[in-house]
Amino acid sequence: SDRETDTTSATASAPRRPAPAAAPPTAPQPYAVPADATTVSTSTELAASVAAATPRDIVLDDGVYTWHSPLEVAGGHRLWARNLGRTTLTFGLVLAGATGRGPELHGLRLDISDAGLASEGAAVAIPAGGAENAGVYDSWLLGNGALAAGLKARETNGLRVERAVVRAFTDWGIFFQA
């Protein structure tokens, strides 16, 4: 039998769901410094401590630390401000040479006005093949319009950035390249 079937096209419309709400940013939070950490109070002591082959927790006393170039934090050293936000570094850090426990920053304020004191134009640089499992926690990265990025990571395996304030960079706050 000849039968024609009428088909009508209908657009199914599901009820619209509201876009998920993003959680508001969380400001840096207080933490407990490790009791068995090495304490430093000068930039020279800091440079000597991060040059040690054995990873350690290093507590920086309150104050302003200056250095003549970016400072490499090799291995799995963890840097802690004695008091949240009361330790200021006026030079950049390079997190490098770690597998397993990566280097970490806690509670530091990197406040850099001179691009010559930073690596790759960043307050914190993690080069390719650099530090796996690196972390930046409860810290401030301040570029003062002099640096391209707050964090430039070319090694992103295991990288964590939590409760960080990133301000006044010319190109990116945080740059990841996998």
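Out of the residues in the stretch 48-63 that are surrounded by 15 or more Cβ atoms within 10 Å (Cβ to Cβ) and of a type in the set (A, V, I, L, M, F, W, C), which is nearest to Arg167 (Cα to Cα)? Taking the candidates together, the pick is Leu60.
Within the stretch 119-177, the set of residues being among the basic types (Lys, Arg) and on the phi > 0 side of the Ramachandran plot comprises Arg163 only.
Conditions tested, residue by residue: (1) in contact with a Gly (Cβ under 7 Å, 6 or more places away or on another chain); (2) open to solvent by less than 20 Å² (accessible area, probe 1.4 Å); (3) farther than 21 Å from Leu147 by Cβ.
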{"residue": "Val73", "(1), (2), (3)": "no, yes, no"}
{"residue": "His77", "(1), (2), (3)": "no, yes, yes"}
{"residue": "Leu89", "(1), (2), (3)": "no, yes, no"}
{"residue": "Gly92", "(1), (2), (3)": "no, yes, no"}
{"residue": "Leu108", "(1), (2), (3)": "no, yes, no"}
{"residue": "Ala115", "(1), (2), (3)": "yes, no, no"}
{"residue": "Gly121", "(1), (2), (3)": "no, no, no"}
{"residue": "Gly129", "(1), (2), (3)": "no, no, yes"}
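The lone criterion from (1) open to solvent by 30 Å² or more (accessible area, probe 1.4 Å); (2) closer than 27 Å to Ser113 by Cα; (3) among the hydroxyl-bearing types (Ser, Thr, Tyr) left unmet by Tyr31 is number (2).
Applying the criterion of being assigned to a loop (DSSP other than H, G, I, E, B) and at pLDDT below 95 to the residues of the stretch 138-178, the residue that is most open to solvent (accessible area, probe 1.4 Å) is Ala178.
Can you name the residue in the stretch 107-130 that is of a type in the set (A, V, I, L, M, F, W, C) and in a loop (DSSP other than H, G, I, E, B) and, of all such residues, is farthest from Gly143 (Cα to Cα)?
Pass one, the stretch 107-130, residues of a type in the set (A, V, I, L, M, F, W, C): 108, 110, 112, 115, 117-118, 122-126, 128.
Now drop any that are not in a loop (DSSP other than H, G, I, E, B), which leaves 112, 118, 128.
Working: Ile112: 5, Ala118: 10, Ala128: 22 Å.
Applying the filter and picking the extreme gives Ala128.
Looking across the stretch 63-106 at every residue that is polar (S, T, N, Q) and not in a loop (DSSP other than H, G, I, E, B), the one that is nearest to Thr39 (Cα to Cα) is identified as Thr87.
Those residues that are farther than 22 Å from Pro127 by Cα and not small (Gly, Ala, Ser), I need them from the stretch 81-97; list them, please.
Start the filter on the stretch 81-97 by keeping residues that are farther than 22 Å from Pro127 by Cα, which leaves 81-88.
Arg82, Asn83, Leu84, Arg86, Thr87, Thr88 - these are the residues of the stretch 81-97 that are farther than 22 Å from Pro127 by Cα and not small (Gly, Ala, Ser).
The values are calculated or read from the model by the stated rules, or taken from the named source; none is laboratory data. On a predicted model such as this, the values are computed, not experimentally measured, just so you know. No Cβ is skipped: glycine too gets one built from the backbone with ideal geometry, and neighbour counts run over all protein chains shown. In case anyone asks, the SASA skips ligands and DNA or RNA and just uses the protein heavy atoms, side chains included. Shrake-Rupley method; radii C 1.70, N 1.55, O 1.52, S 1.80 Å.
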